[in-house]
Amino acid sequence: MEGFFDIDDNNAPTQTSGQLIAALIGALPDPVLIVDQMPRVVAANAQAREVFPGLSERDALAFIIRAPKVLETVSLVLEGAERQSVAWHERAPVERLYEIFVSPFAMDGRPAAVLELRDVTEARRVERMRVNFIANVSHELRTPLASMLGFIETLQGPARNDAAAREKFLDIMGEQGRRMARLVDDLLSLSRIEMNEHMRPQAPVDLVSIVRHIVDTLAPAAREAGAAVNVAAPARAIISGDADELTRLAENLVENAIKYGGAGPKPTVRIDIEPSAGGTLLSVSDDGPGIAPEHLPRLTERFYRVDTPASRARGGTGLGLAIVKHIVARHRGRLEIESQPGRGATFRVRFPVHTDKN
Ligand SMILES: Nc1ncnc2c1ncn2[C@@H]1O[C@H](COP(=O)(O)OP(=O)(O)O)[C@@H](O)[C@H]1O
Ligand SMILES: [Mg+2]
């Protein structure tokens, strides 16, 4: 390696090739190991020592990576194969997935190999989420679509001259069409909110008037469910926010409380808005059947429902609480869900204090 780095001014430290290699792999962001022909580990950067905490010099590679496929790949490269990559699935202490790039190298004239570990755990998780999401959306759209196409066929054929059937089928088709429209609307709001999530809304907004407006809008639904909706709030509660998004948030929470809380003889939805020095608290409670604890952590996932047919029958898309979660995140607030089966559910959103930027 003499002369390769062209170090000839007097300030530059002279480095042996071992030190040079250590410095070089130390500068790389990913975990890197160098193995000799045996193969034993002859160099490792700090990132690699984090992955293999017990690592000491000259450890056999087979001792720290017990995956036959990885060892086989390393052997191939040591025998003269070109650079290649191999997946390594590590289950302990935490589950991680690495892609290991194995490249040929030479040390003191003998074959060696460089192993570079790329952590692809997060990338795989995101990829899996994306695939699931597309599968879910397709499934949610396919059902109403299939039903509409079926009715169109019936109306073109057997029911062509049946006026009563036509009325009935058109009603059902209208309902399925509205269901698809709701789904597409919810998907669009979700992607818009997610796209802007890094920008916190700054405008002063009165949470009380937004909530009161939504309670008025949902009055017919409450009447139909026989539910009383009570609001306890001061005259105003100013927070930094986006009025449209906060309207969506209040709509989803109050609508859920009316839809899923309306079981008893006289269901009651209680809405509290409490401004304080630490921020503003919005809570929406119902006295319905509540939610079993095992469902609570997953409730805000897209398309997650405790009872899918019941949600569909009430016009649900399974996206409402996912939208709520993203709106809360964008407003730098916190969402808490509390419920005991049989004793109702409470959804609390804490908004930070409004800071006037002027
Ligand atoms: N107040 C509530 N009481 C009981 N269950 C609820 C309540 N709010 C939401 N849920 C449950 O959470 C699920 C997800 O809610 P959401 O994301 O709004 O979807 P959707 O209402 O379209 O089904 C609902 O399907 C329901 O099972
Ligand atoms: Mg909902």
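The values are calculated or read from the model by the stated rules, or taken from the named source; none is laboratory data. Predicted model, so just to flag it, every value in this text is computed and none were measured. Because the Cβ atoms are built from the backbone with ideal geometry, glycine has one as well, and the counts that use them run over all protein chains shown.
Would you mention how many residues in region 310-334 are within 12 Å of ligand 1 (Cβ to nearest atom), crowded, with 18+ Cβ neighbours inside 10 Å and not β-branched (Val, Ile, Thr)?
The initial filter retains those residues of region 310-334 that are within 12 Å of ligand 1 (Cβ to nearest atom), namely 310-326.
Restricting the remaining residues to those that are crowded, with 18+ Cβ neighbours inside 10 Å gives 311, 316-326.
Still in the running and not β-branched (Val, Ile, Thr): 311, 316, 318-322, 325-326.
Adding up the residues that qualify gives 9.
What residue, of Ala257, Ala250, is more than 12 Å from ligand 1 (Cβ to nearest atom) and not in a strand (DSSP E or B)? Even if it seems obvious, please write down each step before you answer.
Working: Ala257 fails: more than 12 Å from ligand 1 (Cβ to nearest atom).
Within the list Ala257, Ala250, the selection yields Ala250.
Taking the condition of being hydroxyl-bearing (Ser, Thr, Tyr) and surrounded by fewer than 14 Cβ atoms within 10 Å (Cβ to Cβ), how many residues in region 172-208 meet it?
To start, the set of residues in region 172-208 that are hydroxyl-bearing (Ser, Thr, Tyr) comprises 189, 191.
Imposing the further condition that a residue be surrounded by fewer than 14 Cβ atoms within 10 Å (Cβ to Cβ) reduces the set to 191.
Counting residues in region 172-208 that are hydroxyl-bearing (Ser, Thr, Tyr) and surrounded by fewer than 14 Cβ atoms within 10 Å (Cβ to Cβ) gives 1.
If the Cβ limit is 8 Å and pairs must be 6+ apart or interchain, which residue in region 15-42 that is without any contact (Cβ under 8 Å) to a residue 12 or more places away in the chain pairs with which residue that is in a helix (DSSP H, G or I)?
Within 8 Å, the pairs are Gln15/Ala23.
Mind checking which residues of region 43-67 are under 16 Å from Ala106 (Cα atoms) and free of Cβ contacts under 8 Å to residues at least 12 places away in the same chain?
none
Can you confirm whether Val269 is of a type in the set (A, V, I, L, M, F, W, C), without any contact (Cβ under 8 Å) to a residue 60 or more places away in the chain and within 7 Å of ligand 1 (Cβ to nearest atom)? Outline the logic, then answer.
Details: of a type in the set (A, V, I, L, M, F, W, C): yes; without any contact (Cβ under 8 Å) to a residue 60 or more places away in the chain: yes; within 7 Å of ligand 1 (Cβ to nearest atom): no.
Against the criterion (of a type in the set (A, V, I, L, M, F, W, C), without any contact (Cβ under 8 Å) to a residue 60 or more places away in the chain and within 7 Å of ligand 1 (Cβ to nearest atom)), Val269 does not qualify.
Mind listing just one residue for me: the one in region 240-281 that is more than 24 Å from Asp186 (Cβ to Cβ) and of a type in the set (Val, Ile, Thr) and, of those, farthest from ligand 2 (Cβ to nearest atom)? Walk me through it before giving the result.
Taking region 240-281 as the starting set, the residues that turn out to be more than 24 Å from Asp186 (Cβ to Cβ) are 240, 263-268, 270, 272-281.
In the following step, the residues that additionally are of a type in the set (Val, Ile, Thr) were identified as 268, 273, 280.
Values: Thr268: 19, Ile273: 20, Thr280: 23 Å.
Once the filter is applied, the top-ranked residue is Thr280.
Out of the residues in region 66-104 that are among the small types (Gly, Ala, Ser) and over 32 Å from the mean Cα position of the chain (by Cα), state the one that is nearest to Arg125 (Cα to Cα).
Filtering region 66-104 for residues among the small types (Gly, Ala, Ser) gives 67, 75, 80-81, 85, 87, 92, 103.
Now drop any that are not over 32 Å from the mean Cα position of the chain (by Cα), which leaves 75, 80-81, 103.
Values: Ser75: 30, Gly80: 34, Ala81: 31, Ser103: 27 Å.
That would be Ser103.
Would you pick out the residues in region 282-299 that are surrounded by fewer than 18 Cβ atoms within 10 Å (Cβ to Cβ) and either assigned to a strand (DSSP E or B) or within 16 Å of ligand 2 (Cβ to nearest atom) (or both)?
Of the residues in region 282-299, the ones surrounded by fewer than 18 Cβ atoms within 10 Å (Cβ to Cβ) are 292-298.
Residues satisfying the conditions are His295, Leu296, Arg298.
What are the residue pairs meeting all of these: first residue in region 208-230, first residue closer than 22 Å to Ala243 by Cβ, second residue among the basic types (Lys, Arg), Cβ atoms under 7 Å, and 6 or more apart or on different chains?
Val208/Arg236
Any residue at all in region 222-233 that's closer than 28 Å to Arg270 by Cα, part of a strand (DSSP E or B) and either modelled with pLDDT under 95 or among the small types (Gly, Ala, Ser) (or both)?
Just the residues of region 222-233 that are closer than 28 Å to Arg270 by Cα, to begin with: 222-233.
Then drop every residue that is not part of a strand (DSSP E or B), which leaves 228-232.
Then drop every residue that is not either modelled with pLDDT under 95 or among the small types (Gly, Ala, Ser) (or both), which leaves 228, 232.
The answer is yes; a qualifying residue exists.
Can you pull out the residues in region 303-342 that are in contact with a strand residue (DSSP E or B) (Cβ under 9 Å, 6 or more places away or on another chain), in contact (Cβ under 8 Å) with a residue 60 or more places away in the chain and either within 11 Å of ligand 2 (Cβ to nearest atom) or in a loop (DSSP other than H, G, I, E, B) (or both)?
Scanning region 303-342 gives Leu321, Val324, His331, Arg332.
With Ala257, Ala237, Ala277 as the choices, which residue is in contact (Cβ under 8 Å) with a residue 40 or more places away in the chain and touching a Pro at 6+ places or on another chain (Cβ under 7 Å)? Break it down stepwise before answering.
On the way: Ala257 fails: touching a Pro at 6+ places or on another chain (Cβ under 7 Å); Ala277 fails: touching a Pro at 6+ places or on another chain (Cβ under 7 Å).
Criteria check complete, one pass: Ala237.
Here is a list: Gly261, Gly290. Which entry is assigned by TED's automatic domain parsing to the domain that holds Val353 and at positive phi? Before the answer, list the steps.
Values: Gly261 fails: at positive phi.
Sole residue among the options that is assigned by TED's automatic domain parsing to the domain that holds Val353 and at positive phi: Gly290.
Quick check on Phe101: is it aromatic (Phe, Trp, Tyr), without any contact (Cβ under 8 Å) to a residue 24 or more places away in the chain and surrounded by 16 or more Cβ atoms within 10 Å (Cβ to Cβ)? Lay out the reasoning, then the answer.
On the way: aromatic (Phe, Trp, Tyr): yes; without any contact (Cβ under 8 Å) to a residue 24 or more places away in the chain: yes; surrounded by 16 or more Cβ atoms within 10 Å (Cβ to Cβ): yes.
So Phe101 fits the description; yes.
Please state which of the following conditions Ala164 fails to meet, knowing it meets all the rest: (1) assigned to a helix (DSSP H, G or I); (2) of a type outside the set (Phe, Trp, Tyr); (3) surrounded by 11 or more Cβ atoms within 10 Å (Cβ to Cβ); (4) modelled with pLDDT under 95.
(3)
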